[in-house]
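This report refers to the structure that appears directly beneath it.
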Amino acid sequence: MVMEIMAKYDLDAIVYPHQKRPVVKVGEAQVDRNGVLGSVTGFPSIVVPAGFTKPSNTAPIGVPIGIEFISKKWNEPILLEIAYAFEQATKYHKPPIMK
């Protein structure tokens, strides 16, 4: 199905949120994850920073949010170019706060 969509629309990659729910507490089930698409299709994928949730007491800069790009088999060079261009254009990465 992924290949059909990519072929139909002549796409180099498909982009989607890596997770629907940003974080789960230790011991809770990790539900609402999109990150399995690369695993079940066998296609190359990459996750890059895409911002942060609102800051909280337990996460003073917020929780990192990832965006995932998936591409066709053997298309890693283009996938890396897309991910790098996104990172450079958005500058979402923040270093951790050191105490």
**OP:** Work out from phi, with θ = phi - 60° and the Karplus expression 6.51 cos²θ - 1.76 cosθ + 1.60, the ³J(HN,Hα) of each residue of region 62-72, listed in order in whole Hz, and give x for Gly and Pro.
**Re:** x, 9, x, 10, x, 10, 10, 10, 10, 9, 6
Original post:
Which entry in (i) 13, 36, 32, 16, 2, 0; (ii) 14, 40, 31, 13, 2, 0; (iii) 14, 40, 35, 10, 0 matches P(r) over Cα pairs in 10 Å bins from 0, in percent derived from the coordinates of this structure?
Top reply: (ii)
Subject >> Given charges at Cβ of Lys, Arg, Asp, Glu: region 2-90 dipole, positive-most of LEU11, GLN88, PRO22 >> reply: PRO22
Original post:
Of all GluC sites (Glu not before Pro) in the chain, which ones are in loop regions per DSSP and have a Cβ with at most 13 other Cβ atoms within 10 Å?
Top reply: GLU28
Original post:
Can you list the HN-Hα couplings for region 18-29, worked out from phi with the Karplus curve (6.51, -1.76, 1.60; θ = phi - 60°), rounded to whole Hz and with x for Gly and Pro?
Top reply: 5, 9, 7, 10, x, 8, 10, 6, 3, x, 7, 6
Subject >> 5 angstrom amide H check on PHE52, placed H, neighbours 5+ away >> reply: ILE65
**OP:** Using the structure shown, list the pairs from LYS73/LYS94; LYS54/LYS91; LYS25/LYS72; LYS25/LYS73; LYS20/LYS72; LYS20/LYS54 with a Cα-Cα distance above 26 Å, or answer none.
**Re:** LYS73/LYS94; LYS25/LYS72; LYS25/LYS73
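Of the chain, which part is the longest with no chymotrypsin sites (Phe, Trp or Tyr not before Pro) in a loop (DSSP not H, G, I, E, B) and with at most 13 other C-beta atoms within 10 angstrom?
Longest stretch, sites excluded: 10-73.
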Original post:
Which whole-number percent is the relative contact order of the chain (Cα, under 8 Å, 6+ apart)?
Top reply: 29
**OP:** Evaluate the charge dipole of the chain about its Cα centre and quote only its size in Debye, nearest 20, assuming +1 on the Cβ of each Lys and Arg and -1 on the Cβ of each Asp and Glu.
**Re:** 480
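FYI, it's all coordinate maths here, none of it is from the lab. Because the structure is predicted, anything quoted here is derived from the model rather than measured. When we count neighbours, we look across all protein chains shown, and the Cβ atoms used for this are built from the backbone with ideal geometry, even at glycine.
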